[in-house]
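The values are calculated or read from the model by the stated rules, or taken from the named source; none is laboratory data. Small disclaimer: the values here were computed from a predicted structure and weren't measured. FYI the Cβ positions are ideal-geometry reconstructions off the backbone, even for glycines, and counts take in every protein chain you see. Accessible surface is based on the protein model in full, side chains and every heavy atom, while ligands, DNA and RNA are left aside. Shrake-Rupley method; radii C 1.70, N 1.55, O 1.52, S 1.80 Å.
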Amino acid sequence: MVTRLYTHPIFLEHITPPGHPERPDRLRAIERVLDDEAFAALDRAEAPEGDEATILYAHPEQFVARVRAAIPDTGIARIDADTTASPKSWQAAVTAIGAANAAVDDVFERRADNVFVAARPPGHHAEKTTSMGFCLFNTAAIAARYAQRKHGAERVAIVDWDVHHGNGTQDIFWDDPSVLYCSTHQMPLYPGTGARSETGAGNIVNAPLAPRTGSDMFRDAFLSRVLPALDNFAPDLIIISAGFDAHHRDPLAEINLTEDDFDWATGQLIECAGRHSGNRLVSLLEGGYDLQGLAFSVAAHVGRLMKG
Ligand SMILES: [Zn+2]
């Protein structure tokens, strides 16, 4: 297996207010843990400059212009109660999209079997016309549509194990059966969506987890809901919305996973990608707010991506 890692210094320059959980130190913690010699074989690459036009694959032009206009020249601008932008946020968001799209190119053009994109801001809460939940644009949704337009992928699956429901991804693909969206998440919890009854065009599979559940319920949801849906769909590409805030140390939620669970889930998706997608697997960082929990979880996830 060749596993590529995309990072970029610009991701540290999306500045959030003091005390905000979605902070540059998250990426520093990931960089530190992946510095270990266990990850020497990672194919490290700097994220390319993103193509702004691809934002329109998932968001209308007027909305994109509105976000651009909200970027401040100095200081921090508030977009909603918990979503903010600093002067370099636009460039960070566009580079995150560039990295995700490049990862799609890499797996379709066989430069890598799988890719992990360590970028911020995250994306899965961004709806068609709303930035929210620390997210400006929906990077995973754009990458899915990019795979369809550029590489002719007919079916793309997005598996979202962030502890929060990816309301944005669900919104964007609600009536688009060419994209399967599967999510495990705590419920009730922000943003409030993600009930089992929300099924879109039959392409939305929500597996809500009650607060204070852990490994057993998560793995059961994966085995009984997510994996059967994936096997039935037979995707040409699997994208992971890889949030690590279901880790037991995380301060924003109450699901008690360990890094072993992320190792296990990664293994399940690698096998699934082997069955259906020619191994093509692209993983995009979403949440994860306890620095140690995040670092250990990313190490387990990337280690498994490399092992295959
Ligand atoms: Zn989250």
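If I ask for residues that are touching a Phe, Trp or Tyr at 6+ places or on another chain (Cβ under 8 Å) and charged (D, E, K, R), which ones from the range 109-133 would you list?
Within the range 109-133, Arg120, Lys128 meet the criteria.
For the range 174-199, which residues satisfy the criterion of being of a type in the set (Phe, Trp, Tyr), touching a strand residue (DSSP E or B) at 6+ places or on another chain (Cβ under 8 Å) and open to solvent by 30 Å² or more (accessible area, probe 1.4 Å)?
Trp174
Any chance you could count how many residues in the range 133-145 are open to solvent by 10 Å² or more (accessible area, probe 1.4 Å) and within 12 Å of the ligand (Cβ to nearest atom)?
The qualifying residues number 1.
Here is a check on your reading of the model: is Ala242 within 18 Å of the chain's Cα centre (by Cα) and surrounded by 21 or more Cβ atoms within 10 Å (Cβ to Cβ)?
yes
Being basic (Lys, Arg) and closer than 21 Å to Gly287 by Cα is the requirement here; does Arg196 meet it?
Considered against the rule, which asks whether it is basic (Lys, Arg) and closer than 21 Å to Gly287 by Cα, Arg196 comes out as no.
Go through the residues of the range 243-263 one by one and say whether even a single one is away from the ligand (no atom under 16 Å from the Cβ) and in contact with an Asp or Glu (Cβ under 8 Å, 6 or more places away or on another chain).
Checked the range 243-263: no residue is away from the ligand (no atom under 16 Å from the Cβ) and in contact with an Asp or Glu (Cβ under 8 Å, 6 or more places away or on another chain).
Is there a residue in the range 75-96 that is in contact with a Ser or Thr (Cβ under 6 Å, 6 or more places away or on another chain) and under 25 Å from Gly267 (Cα atoms)?
Yes.
Evaluate the following for Ala147: is it within 15 Å of the chain's Cα centre (by Cα), small (Gly, Ala, Ser), assigned to a helix (DSSP H, G or I) and closer than 27 Å to Glu271 by Cβ?
In short, no.
I'd like the full set of residues that are open to solvent by 10 Å² or more (accessible area, probe 1.4 Å) and touching a Lys or Arg at 6+ places or on another chain (Cβ under 9 Å), limited to the range 28-42.
Leu42
When you look at Glu271, is it acidic (Asp, Glu), buried (at least 18 other Cβ atoms within 10 Å of the Cβ) and without any contact (Cβ under 8 Å) to a residue 60 or more places away in the chain, yes or no?
In short, no.
Please enumerate the residues belonging to the range 201-214 that are farther than 26 Å from Ala253 by Cα and out of contact with any strand residue (DSSP E or B) (no Cβ under 6 Å at 6 or more places or on another chain).
Ala201, Gly202
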